[in-house]
Structures are given as C-alpha cells and as structure tokens.
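A.B. asks: Below is the structure I would like to discuss, written out as structure tokens.
The values are calculated or read from the model by the stated rules, or taken from the named source; none is laboratory data. As the structure is a prediction and not an experimental result, all values here were calculated from the model. All Cβ positions, even for glycine, are placed from backbone atoms using ideal geometry, and neighbour counts span all protein chains on display. Just so you know, the surface numbers come from the protein's heavy atoms only, side chains and all, with ligands and any DNA or RNA stripped out. Shrake-Rupley method; radii C 1.70, N 1.55, O 1.52, S 1.80 Å.
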Amino acid sequence: MFPLLAFIVFCVSLVTGWIFSHLITKPVLKISRISKEMSELQFEWQLDEQRTDELGILAKSLNYLSQKLNVTLNDLQAANRKLELDIEHEKALEQARTNFFSAVSHELKTPITIIKGQLEGMLLGIGPYKDHERYLTRSLEITNTLETMVQDILTISRLETAGADFKKDHLDCVQIIKAYLNETADLIAEKDLQIHLDILPSAFINGNKMLVEKVFSNLIGNAIKYSPQRADIWISVLMKHEQIVFSVENAGVHIPENSIPRLFDAFYRVEQSRSRKTGGSGLGLYIVQEILHQYGSECTVCNTQAGVKFSFII
C-alpha cells in the first residue's frame, strides 16, 4: 500500500502546487513585474480585477494608481513643455529689450553729441559757430527731435509695462481720422495732396484714445510725409464681419521689397542716410505694430500698382 499511497500523495501535492502557483504565485510575480514597469514610468498595462481576495484588491489599487500616475505625468510633461516655451519666450523678450535699448543708446548718442558740439563751439566762438542765431536754431531742431524720440520711447515702455491695463473708451475711428486730417490740413495743402475718403459715417471700437490716435496719426502721417507733390492718398474705413478694416494708400512711392519685412522693426528706416529731413526716428511703425498687438491685430504693408498700402483689421 505504501507505494500507492506515496503516488497518491505525490499527485495531490503536484495538483495542489500547480493550483497554488496559478492562484497565488503567478499573480504575485505579475504584480512584481508590473511594479518594476511602474518604477520605469511605463503604464501601458492592465491587471485583472475579477478576483475578490487581497490580490484582487491589490490589482485594483495598482490599476487606479497607474491611471493617476499616468495622468499626473502627462500633466507634468505638458507643464514642463509650457515652462520651456515660456522660458524661451522670456529669453526672446529679454534679447529684444537688450537690442532695443542698445539701439536707443546709439540713436540718442548722435543728436546729443551734435548739440554738445554746437554749444561748445558757440561758447568758444569758433569759426562759423559765432553765428549763434543760426546754430541755436539747429540745436533747437535737434532738441525737438530728441523730445519726440523720448516720447516714443516712453510710449513703448508703457506698452510693455501696462499692456492691457490702459484705460479704454468707446471711440469713433472715423472722427479720429477726420480730426487728424484737419490738424494736417496746412501740410496737405502745401504739398497739394488729393485725399480720397471711403469711410463709414462712424466706426466704433473700445480702446485707449491716446494709443488709437497714435496708430492713425502715424500711418496717415507717413502717407502725407512721404508722398510727392500733388500725389493721391486713399483712406478707407469699412466693416467686415463686425470688424473695422482700415487702409491708407499713397501714390507715387514704393518700398524696396527687401525692406518690407523689417519695416516694423525699432529704428529701422528705408532711407539709410538717417537724416531727420527725410524721415523720422524709425519708431513710428514699431509703435503702431506694438499697439495693434495689444488689440490682437497686426498691420500689414504691400506695394501696389499706384504706391504703398498699409492696412489692419481690428
């Protein structure tokens, strides 16, 4: 009987061992393998939750933990990408500020040096500088240019620091344009310019009065300043999809195509001699673009058959 009993015991032990391995050891080994994958931040797996014993509860907890960790990890990765983009944006802004103030120092240095030289020449009575009236007039002109440049720089500084915190009013763009045309009527008459208006009776937006006036005065003022004698200027204010479409086009001049991409850069001027008689400080269009960016818009420029056209939608 002993061999038979030994055989029966061996078979029962074998079956019991297989059952224990299948029900207990195998799930534990699988859970151990899953834990290792979790430590390596791998969450593409799913444990069986049909069991109701302690191993089933553990599997369910691991599945829940995996889902939460996966969601948290994705959120952290998204936040990290956003942080990297923000850092790159801040670096770009810092570089832009550095470049801007470097350009400012360069632009201010020349007129200050000229004024200083003229004043020293007049005080010492050197050569032609004895004609005080002549050189005081020149110094005053340069001082006025400096004042305009400083005002533009202050406007840019306010745009960067205040942003959308500017006080906003309900403004009629048409009335702002007409008021500026009345202010420049003498210059228009002196150059015998023909102004063609295609504007609505009114076109209202919510914006800061000073900034909106500066946008229109800079764009229309450039058209007047750079138009030749007896040229035509077309000013248009229309409505499209509940947005205001503005454009100003002046005839008789064109901008070199290679200059158009840089036209809205600070201190960039198409006329490279830097003479104040043939151009401004180079900040006007830069300010226009910065203001329009505050309102989610952008100014565009292109050469037309007749001349040059600036436009934006707001």
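A.B. asks: In the stretch 139-156, is there at least one residue being over 30 Å from Leu211 (Cα atoms) and modelled with pLDDT of 80 or more?
C.D. replies: So far as the stretch 139-156 goes, no, none of its residues is over 30 Å from Leu211 (Cα atoms) and modelled with pLDDT of 80 or more.
A.B. asks: When Ile314 is evaluated against the numbered criteria (1) at pLDDT below 85; (2) touching a strand residue (DSSP E or B) at 6+ places or on another chain (Cβ under 9 Å), which criterion, by number, is the only one it fails?
C.D. replies: Of the numbered conditions (1) at pLDDT below 85; (2) touching a strand residue (DSSP E or B) at 6+ places or on another chain (Cβ under 9 Å), the odd one out for Ile314 is (1).
A.B. asks: Return the residue satisfying two criteria in turn: it lies in the stretch 178-218 and is more than 25 Å from the chain's Cα centre (by Cα) and of a type in the set (D, E, K, R), and of such residues it is least open to solvent (accessible area, probe 1.4 Å).
C.D. replies: Ranking the qualifying residues of the stretch 178-218, first place goes to Lys191.
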